[in-house]
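Here is the structure we will look at.
Each reported figure results from applying straightforward, stated rules to the coordinates on display, with no laboratory input. The structure presented is a predicted model; accordingly, all values stated were derived computationally and were not measured. Glycine also receives a Cβ, built like all others from the backbone with ideal geometry; neighbour counts cover every protein chain displayed.
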Ligand SMILES: Cc1cc2nc3c(=O)[nH]c(=O)nc-3n(C[C@H](O)[C@H](O)[C@H](O)COP(=O)(O)OP(=O)(O)OC[C@H]3O[C@@H](n4cnc5c(N)ncnc54)[C@H](O)[C@@H]3O)c2cc1C
């Protein structure tokens, strides 16, 4: 077993010259324990490469994985007074509206001893700071007196790369483009895809006794897509339907007040699957398509609600 140093920066890799040859990984090796500040160029021969190097993946570039649609997320970590922190003890906040994001949402998420206040957008990246100011304003009373301890801005890949495997090289997590639309969740899928890929390699190499092949990497991709494709698809449709205008967002918020929808949403987040709902008579959302439209709702709100109902029906 090769022991890698604590900090390495992959520079590039070279593909093997023969079918079963090794890949050569070139990297900078950083080791502060020997008093050196700069990195030292090194290389390593390996059988397979798993790019788990995030949204700006070097591995993806080298393998020609192609680009993906991405959102930009901006987040400020704010240390707020203890009495204000108590409010967020069992609560995460999500704000919707053109002011905080034209196509996503703003949030205040509790993080151990502080809160993260942020927002994201795919369509209006240049305006991200304006949306962040609006999110801060929305949460004003609750975060007043807070001190910003860290600012983070990063791309969020919301679509799988066109190519996720090339020979014995594959991608996982953000490098592959596994953040879900609508919720912007990526941590679980990064960890899960990493595990599934590792398991496929271990199985394919029969515990290190056989050289893995592209087909082994493809098994991980096929299984990941089989398990999670419906979740990505439903969340993609939800984002397109409900985040497109303030009227549609109102419909979304109203729909989320329903116990039936809450139960299904909670279960879907918890199990990371499109979870079947309770029996059809359990909630009014299952009956609403038959109800006469309310005269106080605009056609856009009604359309959004109907699509939402259909999605709930499909999921149920
Ligand atoms: C502001 C913001 C808020 C978010 N909030 C949430 C949330 O609430 N819930 C959620 O589920 N997801 C959230 N996400 C998304 C989530 O952070 C990512 O989907 C997740 O971190 C992806 O994990 P990853 O391991 O694939 O990539 P990363 O976490 O980006 O890790 C990649 C690693 O690779 C290293 N690396 C990069 N290049 C090289 C190289 N050349 N050589 C060696 N190492 C390299 C990096 O240093 C890093 O350690 C958020 C993202 C942002 C930007």
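Among 259, 62, rank each residue by its count of other Cβ atoms within 10 Å, from fewest to most, as a rough exposure measure.
Taking fewest neighbouring Cβ atoms as first place, the list is 259, 62.
Need the full-extension length gain, residue 10 to residue 206, defined as separation in residues times 0.36 nm minus the C-alpha distance. One decimal, nm.
Stretched fully, the residue 10-residue 206 segment lengthens by 67.8 nm.
From a point 7 Å beyond the Cα of residue 152 in the direction of its Cβ, which residues of segment 96-132 have a backbone N at a distance under 17 Å?
105-121, 132
I need the calculated FRET efficiency for the pair residue 89 and residue 125, taking r as the beta carbon distance and R₀ as 30 Å, to the nearest 0.05.
0.35
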